[in-house]
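Trainee: One structure, as structure tokens, below. Some questions next.
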Amino acid sequence: MATVIRPRSLPRSASKVDPVAFEAAVRPHYDNLVRRLVLVLGDPDDAQDIAQDAYLKAYRSWSRFDGSDVRAWLYTIALRLAFNQLRGRRRWLAALHRVEPRGWADPSDPDLWAALRRLDPRTRSALLLNVVDGYTQREIAVMLSVPEGTVASWLSRCRASLREDLGRDR
């Protein structure tokens, strides 16, 4: 899927950004970022919206990026936006007194997807960042703005929950 990333409106400071260099640095991470956001938000459309917002925010703050790990930087921005959206969604749902979550699943292993869906979005994100993306607990802690011990605890609880839900032989 070829996605064209075009900032909606550019602040004056963004005019100094080389759009070609920015796009070359961030484009390779878009599809994987959207996939992670779907797992956090549970909705592909919301995930694409958050990814676009994250890319716009990254573009606007590109001059402040230290150049260390662009993927981690993008994931940090996007996950924070996603968690903010989830908090807002919970407030609205509580106000409306009804919950109608949109489902997401992979037909290849519905039990796995159901078990992942039951995890808290922040802990699920930590697990995916560690297991799928290979980030260390320290890197995840920085990305999610929590202590490293919290990430270790989340990962331990996630794995225990998945073992219980799926059985040890999976």
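The values are calculated or read from the model by the stated rules, or taken from the named source; none is laboratory data. Computed from a predicted structure; not experimentally measured. In this analysis, Cβ positions are derived from the backbone assuming ideal geometry, glycine residues included, and neighbour counts consider all displayed protein chains.
Trainee: Residues that are within 15 Å of L129 (Cβ to Cβ), of a type outside the set (S, T, N, Q) and out of contact with any Cys (no Cβ under 8 Å at 6 or more places or on another chain): does segment 19-32 have at least one?
Mentor: Step one: list which residues in segment 19-32 are within 15 Å of L129 (Cβ to Cβ), which gives 29, 32.
If we keep only those that are of a type outside the set (S, T, N, Q) as well, we get 29.
Going one step further and asking which of them are out of contact with any Cys (no Cβ under 8 Å at 6 or more places or on another chain), we end up with 29.
Taking every residue of segment 19-32 in turn, at least one turns out to be within 15 Å of L129 (Cβ to Cβ), of a type outside the set (S, T, N, Q) and out of contact with any Cys (no Cβ under 8 Å at 6 or more places or on another chain).
Trainee: With the requirement that a residue be assigned to a loop (DSSP other than H, G, I, E, B), under 19 Å from E164 (Cα atoms) and among the aliphatic types (A, V, I, L, M), what does segment 110-143 give you?
Mentor: Quick first cut of segment 110-143, residues assigned to a loop (DSSP other than H, G, I, E, B) only: 119-120, 132-136.
Pick out the ones that are also under 19 Å from E164 (Cα atoms) and you get 119-120.
Within segment 110-143, L119 is the sole residue that qualifies.
Trainee: For segment 86-98, indicate whether the set of residues that are more than 17 Å from L144 (Cα to Cα), in a loop (DSSP other than H, G, I, E, B), modelled with pLDDT under 90 and of a type in the set (F, W, Y) is non-empty. Break it down into steps so the answer makes sense when it comes.
Mentor: Of the residues in segment 86-98, the ones more than 17 Å from L144 (Cα to Cα) are 88-98.
Narrowing further to those that are in a loop (DSSP other than H, G, I, E, B): 97-98.
Adding the requirement that they be modelled with pLDDT under 90 leaves 97-98.
From the residues that got through so far, the ones that are of a type in the set (F, W, Y) too are none.
No; the residues of segment 86-98 include none that is more than 17 Å from L144 (Cα to Cα), in a loop (DSSP other than H, G, I, E, B), modelled with pLDDT under 90 and of a type in the set (F, W, Y).
Trainee: Of the residues R64, R60, R35, only one is farther than 17 Å from L144 by Cα, modelled with pLDDT of 90 or more and over 18 Å from the mean Cα position of the chain (by Cα); which? Quick ask: steps written out before the conclusion?
Mentor: On the way: R64 fails: modelled with pLDDT of 90 or more; R35 fails: over 18 Å from the mean Cα position of the chain (by Cα).
It is R60.
Trainee: When only residues in segment 12-32 that are surrounded by 15 or more Cβ atoms within 10 Å (Cβ to Cβ) and among the small types (G, A, S) count, which is farthest from the chain's Cα centre (by Cα)?
Mentor: Selected residue: A14.
Trainee: Within segment 160-167, is even one residue out of contact with any Leu (no Cβ under 6 Å at 6 or more places or on another chain), under 30 Å from S68 (Cβ atoms) and at pLDDT 85 or above? Spell out how you get there, then give the answer.
Mentor: Looking only at segment 160-167, we keep the residues that are out of contact with any Leu (no Cβ under 6 Å at 6 or more places or on another chain), and these are 160-167.
Adding the requirement that they be under 30 Å from S68 (Cβ atoms) leaves none.
Checked segment 160-167: no residue is out of contact with any Leu (no Cβ under 6 Å at 6 or more places or on another chain), under 30 Å from S68 (Cβ atoms) and at pLDDT 85 or above.
Trainee: Enumerate the pairs (first residue in segment 134-147 and touching a residue at least 12 places away in the same chain (Cβ under 8 Å); second residue anywhere and surrounded by 19 or more Cβ atoms within 10 Å (Cβ to Cβ) and of a type in the set (A, V, I, L, M)) with beta-carbon separation below 6 Å, excluding pairs fewer than 6 apart on the same chain, so at least 6 apart or on different chains.
Mentor: Pairs that qualify, where the first residue is touching a residue at least 12 places away in the same chain (Cβ under 8 Å) and the partner is surrounded by 19 or more Cβ atoms within 10 Å (Cβ to Cβ) and of a type in the set (A, V, I, L, M), are Y135/L129; Q137/V151; I140/A126; I140/L129; I140/V151.
Trainee: Would you pick out the residues in segment 1-32 that are modelled with pLDDT under 90 and of a type in the set (S, T, N, Q)?
Mentor: The answer is T3, S9, S13, S15.
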